[in-house]
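Below: the structure, in structure tokens.
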Amino acid sequence: MKAASLLLAALFVSGCRREMYDQPRGDPLKASDFFADGAASRTPPPGTVAQENFHADASYNTGRTGTNFIADVPFPITRAVLARGRQEFDIYCSVCHGRTGKGDGMIVQRGFPAPPDYEIDRLRAAPTGYFYDVITRGYGAMLPYANRIESTDRWAIAAYIRVLQLSRHATLAEVPPAERAKLEGARK
């Protein structure tokens, strides 16, 4: 008798469970009795703007002017911008592209197809807007990152990619004397 009561109680409790796919929901632009006006959707408050750093200049948001990629980052590049670009690159990009941009990241070492080295002629000649566009919309096996990385940070990553490209051809003679002394002191 006790076992039958427990079985009946277990069946009763399990019948009350509601799965996520079975829950009530409001379809956008459909009628609903949840709100007093009968609509399921709410209109955005006046003055609402896009969720991320939206700019009126379309080239800032797309990396293009018309169908052409823009040549440079659309704001001044500072040490802080490059530091942010490096930080974001290390988080999102280095797993495939490697920390130096050679396309030898940890995921590639585990068998994922290698992305191109930033050093190839096609990418060295590409405008900076191209890198922003690829980060935004994806390319080949690379997924888009527009929903993960804010537009300002995507530009910072594009600027940092340029630093990686330039660093491979830099000579010691191009380093300012004060910085050169630090580098030479570190080697000893």
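Can you pull out every residue in the range 91-134 that is open to solvent by less than 20 Å² (accessible area, probe 1.4 Å) and not aliphatic (A, V, I, L, M)?
Hits for the range 91-134 are Cys93, Ser94, Gly98, Gly101, Gly103, Gly105, Tyr118, Thr128, Gly129, Phe131, Tyr132, Asp133.
When residues of the range 135-188 are filtered for being β-branched (Val, Ile, Thr), free of Cβ contacts under 8 Å to residues at least 60 places away in the same chain and open to solvent by 50 Å² or more (accessible area, probe 1.4 Å), how many remain?
First, the residues of the range 135-188 that are β-branched (Val, Ile, Thr): 135-136, 149, 152, 157, 161, 163, 171, 175.
Keeping just the survivors that are free of Cβ contacts under 8 Å to residues at least 60 places away in the same chain gives 135, 171, 175.
Those left that are additionally open to solvent by 50 Å² or more (accessible area, probe 1.4 Å): 171.
Counting residues in the range 135-188 that are β-branched (Val, Ile, Thr), free of Cβ contacts under 8 Å to residues at least 60 places away in the same chain and open to solvent by 50 Å² or more (accessible area, probe 1.4 Å) gives 1.
Quick one: in the range 110-151, which of the residues that are part of a loop (DSSP other than H, G, I, E, B) and charged (D, E, K, R) is nearest to the chain's Cα centre (by Cα)?
Only one residue fits best here, namely Arg148.
With respect to Gly63, determine if the residue is on the phi > 0 side of the Ramachandran plot and at pLDDT 90 or above.
In short, no.
Taking the criterion of being surrounded by 14 or more Cβ atoms within 10 Å (Cβ to Cβ), in contact with a helix residue (DSSP H, G or I) (Cβ under 8 Å, 6 or more places away or on another chain) and more than 27 Å from Ala170 (Cα to Cα), would at least one residue in the range 72-90 satisfy it?
No - not one qualifying residue is present in the range 72-90.
Test each condition in (1) touching a strand residue (DSSP E or B) at 6+ places or on another chain (Cβ under 8 Å); (2) more than 17 Å from Gly138 (Cα to Cα) for Pro115 and report the one that comes out false.
The failed condition is (2).
Just to confirm my filter: which helices (runs of 4 or more DSSP H) fall fully inside the range 26-109 and include at least 3 residues that are under 17 Å from the mean Cα position of the chain (by Cα) and touching a residue at least 60 places away in the same chain (Cβ under 8 Å)?
Details: elements: 58-62, 79-88, 94-97, 106-109.
Ranges flagged: 58-62, 79-88.
The values are calculated or read from the model by the stated rules, or taken from the named source; none is laboratory data. All values reported here derive from a predicted model rather than from experimental measurement. Every residue, glycine among them, receives a Cβ derived from its backbone with ideal geometry; neighbour counts consider all protein chains shown. Note: areas computed on protein heavy atoms with side chains; ligands, DNA, RNA excluded. Shrake-Rupley method; radii C 1.70, N 1.55, O 1.52, S 1.80 Å.
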